[in-house]
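Quick one: this structure, given as structure tokens, is what I'll be asking you about.
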Amino acid sequence: MRVCNIYMNKCFLVTFILYVMSQYTLYAQPDSLLISHKIDSLESLLSVSSDPHVRIPVLTRLADLNNQTPVEVAWLERCYEEACRIDSIPAVYFALLNLSRHYYNEYGLRDSILYWGRKIDSISKSRNEYPNALFDAKSYSCQDLLWSGEYEAALNEALNEYHLASEIGHPYGLVRCTESLGLIYKRLRRDSVAVVVFQEGIDMLDDMDCSEVKRRETRMRMSAYQAECATRVCPFEQALGIFKRYEAAVDSMAVMTMRTETFAHIKREYWLLYSSYADLYIREDMLAEARQMLAKANKYVGNVVVEGDYVENTYRATLAHYYRKTGNLSKAAQLMEEIFKTERIPIDLQFQAEVLEEQGRLSEALVLYDELNDMSLQRNKKTFIRQVNLLRALHELKNKEEQEHEMQVNKERMAEKQRQILFLSVVFIILLCLLYVLLLYYQRARRLKNELLKEKHSLLESENNLKCEKAKAEEASRMKSAFIANMSHEIRTPLNAIVGFSDLLVDGSGDPDEADMYASVIKNNTEQLLNLVNDVLDLSRMETGDLNFKFDDYSLTECCQRALDSVRHRIPEGVELTFTPDIIPVTLHTDKLRLLQILTNLLTNSAKFTQKGEINLSYKVDEDGKQVHISVTDTGCGIPKEKQASVFQRFEKLDDYKPGVGLGLSICTLIADRLNGTLAIDPTYENGARFIFTHPCGMPSSTCNRQTGEVN
């Protein structure tokens, strides 16, 4: 008790000395001079005292004044050593936590964060306690993962921290893990959820078991996060209310700082507050109010205590948004370049790319868009690798558990067998003869049963085969009859026209115009008859494998033009035949004759069923340049949904009164397959019919570059 009183008296004396020293300096001096003077005074006091009870408060104050500088680490390590000498656990926690905080603010030093955090964890476990410093260290580790883009790992740590705090009923731990969860939602741009989570944490602050300074500091920090999220998702009035509470939290912290002489970057907080206010007004196009807030924030530019913090970049980004709103794009771009000297985050890169695009600096904007895309791909790759490793670990754990379970089951089975072996040995001799007789009887019965089952299965199989063959024969007969009927009709009709008009030509009684018309009719019917015979021959040669394909490099545009020219005379009056090529010239490695056969058949079909409107032939190359999609679109009667699946079958006709035997689309499908392509109907097109023929571009001599429009 006496030792404790002596310690308290010495701490009080040191605190009083520090207070007098802080008041000694003139308030009119700049911040840097004030801090420098305090540091010199404290170092002088430290040099004349060897008592740890005196040195620890001085070292604590020196670390506070050198916040986030290389010197801070040295003061904190000395504070930790002095605290260990007298077993001052609060001072130990203070030093370890602030070392963890220092490396947390120095990006990319996760090993150091974990090192000092594990020391806190080790000490707390040895003392069977859960200090606030433990949850602060866990939050630093979680948030470090978050800023590194490892969102799943950060979420897992936050949830583990939440479960621990909930299990032991630790209010401060609940607030800290709630803050981490809010930051995760904020980072993932789920700002509406983040606003709610931060509010839950703020509502729990009054239940925290901590100092008033810590409570106000936490309220100010979480209010800043909440205000940033509210700026993006909340209505203006609601966001303004959140900002008012944020401003009140900063003012409250400023009062506490002045009253307790606690060193805090309160000017930094005001700089952040006014910058955030300006951002809110800029988003609402309230530029006059934004200008006022920027003027307030500008007071802190050049303050050595404040500059160098991330708030400086926040101020620059807000000012850049203001300049963009007012049309000063060059100034906005210049400010963003200043930000990029210290950090390059996606949202700033996106903003700079948009500014450059508005300036017409498209090549520079494209570079930034590429960088954004690379960041996204890298983040997705890391996430995928992490998930694969997690799945592998879970799989190995599951296999290990299954093996252990199997070993236990086998062990139990062996024990059971050993207990039963004696009983079975006695029973076995008695049952052996009986089992032998039963076995003979069973084998005979089973053999007879198997023979009967085989005969039954054979009969059933024969019956099923007969039914299948009968159905095939009936279908073949039907198709044969339909084919003969269609062929008879399709051959007789053009032959009658040819014979009839030939007689009229031979008669010679008509004028020359009529003779030309008769010759045209004879020619068209001759072509129709020739096409019919060619379709039948092509189908026959495809079935026997005798149809040869000759592949070479051909211009797709020229092939399309030839197909259009070949069917142009068949287009009814009132129907427009159009061609829409892609902007990229394409050379295909294909059989030109068979490609023309597909295009001609599709265009001819469209001409049959289109009486007015348009027949369009077009092609489009995929983004990856591996396929080209050639489509024939018409405004005709279309194909009913229920018949779209059967139009590619042989002898299938939608209209029995239209010429043709129903072989064209079937032949086109076979040719498309031989060309390593596909032919399909577009079920989403409802203003007629659209057939899409997909031909590969990845075959030899068929690659194309979409970005340059060149064919290789």
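Of the residues in the stretch 187-219, how many are within 34 Å of the chain's Cα centre (by Cα) and outside any helix (DSSP H, G or I)?
So the answer is 3.
I'd like the full set of residues that are over 17 Å from I692 (Cα atoms) and in a strand (DSSP E or B), limited to the stretch 591-614.
Within the stretch 591-614, just G613 meets the criteria.
Would you be able to say whether some residue in the stretch 315-326 is farther than 22 Å from Q292 by Cα, of a type in the set (S, T, Y) and loosely packed, with under 15 Cβ neighbours inside 10 Å?
Taking the stretch 315-326 and keeping what is farther than 22 Å from Q292 by Cα, we get none.
No, the stretch 315-326 has no match at all.
Here's a follow-up. Any residue in the stretch 212-234 that is more than 17 Å from S275 (Cβ to Cβ), free of Cβ contacts under 8 Å to residues at least 40 places away in the same chain, in the same structural domain as V193 (by the TED database) and surrounded by fewer than 17 Cβ atoms within 10 Å (Cβ to Cβ)?
For the stretch 212-234, residues more than 17 Å from S275 (Cβ to Cβ), free of Cβ contacts under 8 Å to residues at least 40 places away in the same chain, in the same structural domain as V193 (by the TED database) and surrounded by fewer than 17 Cβ atoms within 10 Å (Cβ to Cβ): absent.
Okay, next question. Any idea which residue in the stretch 250-272 is modelled with the lowest pLDDT, counting only those that are hydrophobic (A, V, I, L, M, F, W, C), closer than 20 Å to K299 by Cβ and in a helix (DSSP H, G or I)?
Selected residue: M258.
Out of L76, L65, L99, which single residue is within 26 Å of Y300 (Cβ to Cβ) and at pLDDT 50 or above?
On the way: L76 fails: within 26 Å of Y300 (Cβ to Cβ); L99 fails: within 26 Å of Y300 (Cβ to Cβ).
The match here is L65.
Next question. More than 35 Å from the chain's Cα centre (by Cα), modelled with pLDDT of 85 or more and either in the same structural domain as M222 (by the TED database) or in a helix (DSSP H, G or I) (or both): is that true of A320 in this structure?
Working: more than 35 Å from the chain's Cα centre (by Cα): no; modelled with pLDDT of 85 or more: yes; either in the same structural domain as M222 (by the TED database) or in a helix (DSSP H, G or I) (or both): yes.
Taking the combined requirement at face value, the residue does not satisfy it.
Looking at Y80, is it of a type in the set (S, T, Y) and under 42 Å from the mean Cα position of the chain (by Cα)? Talk me through it step by step, then tell me what you get.
On the way: of a type in the set (S, T, Y): yes; under 42 Å from the mean Cα position of the chain (by Cα): no.
So Y80 fails the test.
May I pose another question? Does M517 qualify as being surrounded by fewer than 17 Cβ atoms within 10 Å (Cβ to Cβ), of a type in the set (A, V, I, L, M, F, W, C) and modelled with pLDDT under 65? Give the derivation first.
On the way: surrounded by fewer than 17 Cβ atoms within 10 Å (Cβ to Cβ): yes; of a type in the set (A, V, I, L, M, F, W, C): yes; modelled with pLDDT under 65: no.
No, not satisfied.
Filter the stretch 333-369 for residues that are among the acidic types (D, E) and either in a helix (DSSP H, G or I) or modelled with pLDDT of 85 or more (or both) and give the result.
Going residue by residue through the stretch 333-369, those that are among the acidic types (D, E) are 337-338, 343, 348, 354, 357-358, 364.
Matches in the stretch 333-369: E337, E338, D348, E354, E357, E358, E364.
Additional query: Test G173 against the stated conditions and say whether it is within 19 Å of L205 (Cβ to Cβ), small (G, A, S) and touching a residue at least 40 places away in the same chain (Cβ under 8 Å).
Considered against the rule, which asks whether it is within 19 Å of L205 (Cβ to Cβ), small (G, A, S) and touching a residue at least 40 places away in the same chain (Cβ under 8 Å), G173 comes out as yes.
Another one. Is there a residue in the stretch 568-577 that is at pLDDT below 85, part of a helix (DSSP H, G or I), on the phi < 0 side of the Ramachandran plot and surrounded by 15 or more Cβ atoms within 10 Å (Cβ to Cβ)?
Within the stretch 568-577, one or more residues are at pLDDT below 85, part of a helix (DSSP H, G or I), on the phi < 0 side of the Ramachandran plot and surrounded by 15 or more Cβ atoms within 10 Å (Cβ to Cβ).
The values are calculated or read from the model by the stated rules, or taken from the named source; none is laboratory data. This structure is a prediction, so every number in the text was calculated from the model and none was measured. Here Cβ is always computed from backbone atoms with ideal geometry, including for glycine, and neighbour counts include all displayed protein chains.
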